[in-house]
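First comes the structure, then the notes that go with it.
The values are calculated or read from the model by the stated rules, or taken from the named source; none is laboratory data. Everything numeric here is computed off the predicted structure, so don't read it as measured data. Positions of Cβ are generated from backbone atoms using ideal geometry, with glycine treated the same way; all protein chains shown enter the neighbour counts. To get the accessible areas, we keep the full protein, side chains included, count just its heavy atoms, and leave off ligands, DNA and RNA. Shrake-Rupley method; radii C 1.70, N 1.55, O 1.52, S 1.80 Å.
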Amino acid sequence: MSDDRAFLWGPANVTGRPPARLAVEGLVVGLLTAGPVAGAAVAGALTGFVVAGTAVGVVVGLAGAWYLFSTNAGRVLVGAVALLAGALAWWLPGMTAQAVLAARGESRTVVVTEVHVHRHEGRTHVKNSCSVHLLDGTPVPTEAWRTCGADARPGRHLTMVFDPEGAVPPTDRVLPATATEALAGPAAATLALAALCCVAVIRSASPGAVESRRGP
């Protein structure tokens, strides 16, 4: 294998079934990277510490990427692990909230109290968001966006979906039909991250090391 290809993709040129010990090491690294990234993001969403959960997930992903870098893994694979871990940590809290609302959310009527107009410099597109409260006057911490159209006015009634247990904020966006549907994409991304780590570990071993691990 050329030096450039080994630098980018790892020095090992494994064909067929990889050595058992190398595969186990890759599996462990994958689980210890993907599991905490996803777990921190989900926990942050369910406890209200979304930013903290995302930050922990990003740090774990970078730590996994650094470990792979230190074992001479291919730089393309190391970069892909870092990027995918960061994207997963950022994406999963929102999808977790959608899953919770899809599973047990309740539709409630809210009243518009104020309309906010968002104009983007250099664009003709204008987007509104509405501050709302419940019918009993309780303020809602989340603004309505999708249903806050150009004709929105204070006093108008809108519908939002609320979590009766208050674990995630309400929303007026269109939700997936089921929690499974909401989490299917993040679950696939989590498995892809674990598999990518495993491949990076297997390809990080030098060809001689791979042969020695195969045994006679």
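Laid out as a table, the results:
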{"quantity": "When residues of the range 136-160 are limited to those that are touching a strand residue (DSSP E or B) at 6+ places or on another chain (Cβ under 6 Å) and hydrophobic (A, V, I, L, M, F, W, C), the one nearest to L175 (Cα to Cα)", "calculated": "M160"}
{"quantity": "C130, sole failed condition from (1) under 19 Å from A45 (Cα atoms); (2) outside any loop (DSSP other than H, G, I, E, B)", "calculated": "(1)"}
{"quantity": "Residue list for the range 75-99, filter: buried (at least 21 other Cβ atoms within 10 Å of the Cβ) and either small (G, A, S) or free of Cβ contacts under 8 Å to residues at least 60 places away in the same chain (or both)", "calculated": "A85, A89, P93, A97, A99"}
{"quantity": "Index of the failed condition, N72 passing every other in (1) assigned to a helix (DSSP H, G or I); (2) of a type outside the set (A, V, I, L, M); (3) touching a Ser or Thr at 6+ places or on another chain (Cβ under 7 Å); (4) open to solvent by 40 Å² or more (accessible area, probe 1.4 Å)", "calculated": "(1)"}
{"quantity": "Search result, residues across the range 21-47 that are open to solvent by less than 10 Å² (accessible area, probe 1.4 Å) and either of a type in the set (A, V, I, L, M) or not in a helix (DSSP H, G or I) (or both)", "calculated": "L22, A34, V37, A41, A45"}
{"quantity": "Qualifying residue in the range 102-118 (condition: assigned to a helix (DSSP H, G or I) and of a type in the set (G, A, S))", "calculated": "yes"}
{"quantity": "Qualifying residues in the range 141-173 (those that are among the polar types (S, T, N, Q) and over 22 Å from the mean Cα position of the chain (by Cα)) - the one least open to solvent (accessible area, probe 1.4 Å)", "calculated": "T147"}
{"quantity": "Any pair with Cβ under 9 angstrom, 6 or more apart, that starts in the range 50-65 at a residue that is over 16 Å from V78 (Cβ atoms) and ends at one that is surrounded by fewer than 20 Cβ atoms within 10 Å (Cβ to Cβ) and hydroxyl-bearing (S, T, Y)", "calculated": "G53/T47"}
{"quantity": "Any hit, the range 109-127, residues being farther than 22 Å from Q98 by Cβ, of a type in the set (S, T, N, Q) and touching a residue at least 12 places away in the same chain (Cβ under 8 Å)", "calculated": "yes"}
